[in-house]
Amino acid sequence: MTMEIEGFSLKYLQIWDKRSTVRHLERFQPTARDVASQIVPDNALPFSHSINDLNLSGEAVRWYAAMQCYRFMEEIALVESDVIVRLCNLLANRQHDWHLPFAARQVAMTIATDESYHALVAREFMENVQHLTGFKPNGLPGRCAVDVALEGVQSHVTESLWNDFQIIALCLAENAIVDELVGLARDTEPDNAFHCVLSEHMLDEGRHRKFFQQLLKFQWAALDPTARDSIARVLPTYLDLWLARDEPMEDALEDLEAVGASSSNLLVLKRKFLSARSGKHDNPMWQNVRNALRVAGMDTNAYLQQQLIIGGWLIPSNGQSQAKP
Ligand SMILES: [Fe+2]
Ligand SMILES: [Fe+2]
């Protein structure tokens, strides 16, 4: 298994030299023409199906779309800097209970470099859109969801396993994020400015995802059964804090309120959203995470399966939910 990740990493380093955006791509810069139309199109906005029912002016919808662009870019800038870069450095520079080859440590350093650059691009894009539209952000959270979720479970994980848990969280985040970018890029036209920035970001993220799938498989296989069980016990709570959050919906509702949607309309919207909300097991980000677990061979671990069923993330094969109330 060590030779497998070493061989993969050596090839990765060659490809990074030839293809990384930080070294080879002149980045997209939006113009006044790009931002004159709606920066994020209706179909990629929260509450996309109900925006027409709110009787907002075209300018109000344009403002709402700019706010969602800022929220998304802020989340990108924070998750890259506060989580991915920090944990790639941890992966590259610290000793682990499993032997990580030098080439894999160097890959982690290249990813930290890519992600710092992605954060810079996201911040620059926000600044340019703000300058060109005159729309100021409507209050941004200042912390990303992964960071909050990690803090929320830290006291449940022993100190000796905390680095391992965080590296698993890193692998899962890097699998989920790329699929989210792909989904948003699919919902936007190729000449849209938001699409252009997402597409450039994706050029690096597909490569990252492959590395983190390899790493997750390698790390999980290297952990002893007690360590695996301890991590499996905390994973569902971590997923709750990371993926099953209402904050994105509440932030979008706040933006709609700020732009003049009536409280009665917003209440209807919120009720409609909550009643249509599917279970955790249908969460699109969870589907990406689940795929990463499958590729890494973690999905066959009976104890992890049981914990995910209890946490409501998996449906047992007999179809009866054992989720906690
Ligand atoms: Fe990135
Ligand atoms: Fe990445």
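General observations
- Boolean, K217 is away from ligand 2 (no atom under 16 Å from the Cβ), farther than 30 Å from R27 by Cα and in contact with a Gly (Cβ under 9 Å, 6 or more places away or on another chain): yes
- Where helices (runs of 4 or more DSSP H) fall wholly inside segment 222-297, the ranges with 2 or more residues that are more than 17 Å from the chain's Cα centre (by Cα) and over 27 Å from S50 (Cα atoms) are 225-243, 284-295.
- Any hit, segment 182-194, residues being modelled with pLDDT of 90 or more and within 15 Å of ligand 2 (Cβ to nearest atom): no
- One residue from Q106, Q95 being surrounded by fewer than 17 Cβ atoms within 10 Å (Cβ to Cβ), in a helix (DSSP H, G or I) and more than 15 Å from ligand 1 (Cβ to nearest atom): Q106
- Scanning segment 42-92 for residues that are surrounded by 17 or more Cβ atoms within 10 Å (Cβ to Cβ), of a type in the set (S, T, N, Q) and within 16 Å of ligand 2 (Cβ to nearest atom) returns a single hit, S81.
- When segment 137-178 is filtered for residues that are among the hydroxyl-bearing types (S, T, Y) and in a helix (DSSP H, G or I), the ones remaining, listed by number, are S155, S160.
The rows are residues; the columns are (1) surrounded by 13 or more Cβ atoms within 10 Å (Cβ to Cβ); (2) within 30 Å of A92 (Cβ to Cβ); (3) at pLDDT 90 or above.
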position: P236; (1), (2), (3): yes, yes, yes
position: L241; (1), (2), (3): yes, yes, yes
position: E250; (1), (2), (3): no, no, yes
position: I309; (1), (2), (3): yes, no, yes
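The values are calculated or read from the model by the stated rules, or taken from the named source; none is laboratory data. Because the structure is a prediction, the values reported are computed rather than measured. For neighbour counting, all protein chains shown are included, and Cβ atoms are generated from backbone atoms with ideal geometry for every residue, glycine included.
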